[in-house]
Amino acid sequence: MAHCKTDFEFNSVKIDQRRVPVPSSISGEARQRLHNAVRDDGVPINAVYPMPPADDYEAWRKLKAAVDANYAGAVSQQDFAKDVETTTESIGSAAVYLARPLHLERADCVYIDLHGGALVFGGGEACREGARVAALRHGIQCYGVDYRMPPDFPYPAALDDCMCVYKHAVDTFGADRVVIGGRSAGGNLALATVLRAQDEELDLPGAIVLLSPEIDLTESGDSFQTNRTLDVNLPNSLMPANLLYANGADLSHPYISPLFGQFKKDFPPTFIQSGTRDLLLSNAVRLHRALRQAGATAELHVFEAMPHGGFGAAPEDEELAREMMRFVRECLSSG
C-alpha cells in the first residue's frame with residue numbers, strides 16, 4: 001500500500017541564496033522603483049524595519065505616531081482645494097472625509113474609500129489624500145473613512161465604523177449607486193463590510209474595488225512564501241499587526257479574513273488587482289476563483305513584477321487607474 005503523506009511530510013522546495021534581477025519586461029519608471037527600494041546588498045529597505053510584538057501596545061502607538069507624522073509632512077504642501085473640496089464629518093461612530101470634486105460628473109453616486117496600512121496605520125492625512133484621489137479619479141463624491149484602529153480600538157471597531165458609513169451611503173444614494181473599495185487593509189474592510197451587509201440582509205453595493213487586498217490574515221496562501229522578501233514594498237509577514245487587530249478573535253473568521261466568506265451568484269461585481277511580486281498575490285487569485293466558482297462577476301488584474309501597493313506613478317499604475325475608472329463607470333451605468 002502506498003504511503004499517504006500528511007501536510008507535515010510533503011517535500012518542500014529548497015532554493016539556494018540568489019539575487020533576483022529587476023526585469024526588463026516593465027517600464028523604466030517601474031524598474032527604477034524596484035531598484036531604489038533595495039540596498040546594495042540586495043536587502044529591501046522596508047525589510048530592515050520590523051514590527052513590534054502584538055502585545056507591545058506602547059511600541060505600536062509610537063510607531064503609529066511616527067508613520068502619521070511622516071505622511072503629514074509629505075502632503076502638507078499640497079493644495080487640496082484646487083481640485084477637490086474636502087470636509088470632515090461624523091457618521092455614527094466613524095470620522096469621515098467627504099471629498100467632492102469641483103468638476104462633479106455625477107451627483108447621484110458615492111465612492112467609499114477605505115485606506116490601507118495593515119489595519120493599524122494610514123489614518124489622518126493619508127486617509128484624506130486617499131479620498132481626494134478617489135473623488136478626482138472617478139468624478140464623484142467620496143467618503144474616506146478614518147476608521148478606528150488598534151492598539152486602542154481593535155476588531156471590530158474598524159468594521160463597525162465602515163458599516164455605519166455604508167448604511168448611511170445606501171440610505172442617501174441607494175445601494176446600486178454605492179461603490180466600496182480599498183487598498184490592502186482597506187480591501188479587507190471593504191470585502192468584510194459587504195459580507196456583513198449580506199449577512200444582515202441589507203442591499204449590496206453596485207461594485208467593489210479591491211487593490212492588493214489583505215483578506216487572509218492567517219497568511220495561508222502560496223505567495224506569502226514565494227514572494228517573501230521579493231516584494232520590496234511588503235517584504236515580510238504582517239502577522240504581528242494581524243494579531244494586534246484581531247485582539248484574540250479567530251483570524252479565520254470571515255469578518256477578519258473575508259477571503260473565507262460565503263459568496264453567492266448575486267454578489268456585487270468585483271475588481272481585484274495584484275502583481276506578480278505582491279506578497280498578497282495569493283489573496284487576489286483565490287478570491288477571484290471563489291467568486292467565479294459562485295457564479296459572480298469578477299475581474300482579476302495582475303501586473304508584471306508589481307509589488308504590493310504598486311510602483312508609484314509608473315505607467316503601470318496609470319494603466320491600473322484607467323482600468324478602475326472603466327470598471328466603476330460601467331457598474332454605475334448598469335445600476
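A few points about this structure:
- Angle of helix 157-173 to the longest C-alpha principal axis of the chain, folded into 0 to 90 degrees and rounded to 10: 40°.
- Positive-end residue of V145, T193, P258, charge dipole of the chain with Cβ unit charges: P258
- Between N70 and D16, the modelled label-to-label distance comes to 3.6 nm, taking each label 7 Å out from Cα in the direction of the beta carbon.
- Computed lengthening from Q32 to E201, 0.36 nm per intervening residue step minus Cα-Cα distance: 56.1 nm
- Relative contact order computed over segment 45-334 (Cα-Cα under 8 Å; 6+ residues apart), in percent: 17
- Cβ-Cβ distance of E85 and R329, R₀ of 22 Å, FRET efficiency by 1/(1 + (r/R0)^6): the value works out to about 0.50.
- Between 0 and 90 degrees, the angle of helix 281-294 with respect to the longest Cα principal axis of the chain falls at about 60 degrees.
- For the chain, the longest principal axis of the Cα atoms and the long axis of helix 125-138 meet at an angle of about 70 degrees.
- GNM top mover of G310, G295, G139 - the chain, alpha-carbon springs below 10 Å: G295
- Choice from T87, T276, T218 showing the highest fluctuation, given a GNM over the chain with Cα pairs closer than 10 Å: T87
- Of A59, A192, A298, the residue with the greatest mean-square motion in the GNM of the chain, using alpha carbon springs below 10 Å, is A59.
- Candidates per GluC sites (Glu not before Pro) in segment 78-179, loop by DSSP, up to 11 other Cβ within 10 Å: E105
- Which of I91, I272, I45 has the fewest Cβ neighbours within 10 Å, and the rest in rising order: I45, I91, I272
- Cβ crowding within 10 Å ranks V43, V165 as V43, V165, fewest other Cβ atoms first.
- Residue-averaged 222 nm ellipticity for the chain, from DSSP H runs of 4+ at -39500 (n - 2.57), nearest 500: -11500 deg cm²/dmol
- For segment 16-53, applying the loop criterion from DSSP together with a ceiling of 10 other beta carbons within 10 Å to the trypsin sites (Lys or Arg not before Pro) yields R18, R19, R39.
- Whole-angstrom gap from segment 259-280 to segment 84-143, using each part's C-alpha centre: 22
- Around the Cα centre of segment 214-272, unit charges on the Cβ atoms of Lys, Arg, Asp and Glu (plus for the first two, minus for the last two) sum to a dipole of about 120 debye.
- Proxy reagent accessibility, fewest Cβ within 10 Å first, across D83, D171, D161: D171, D83, D161
Taken together, the values in this text are just the output of simple stated rules run on the coordinates, not laboratory data. As the structure is a prediction and not an experimental result, all values here were calculated from the model. Glycine gets a Cβ as well: all are built from the backbone with ideal geometry, and neighbour counts include every protein chain shown.
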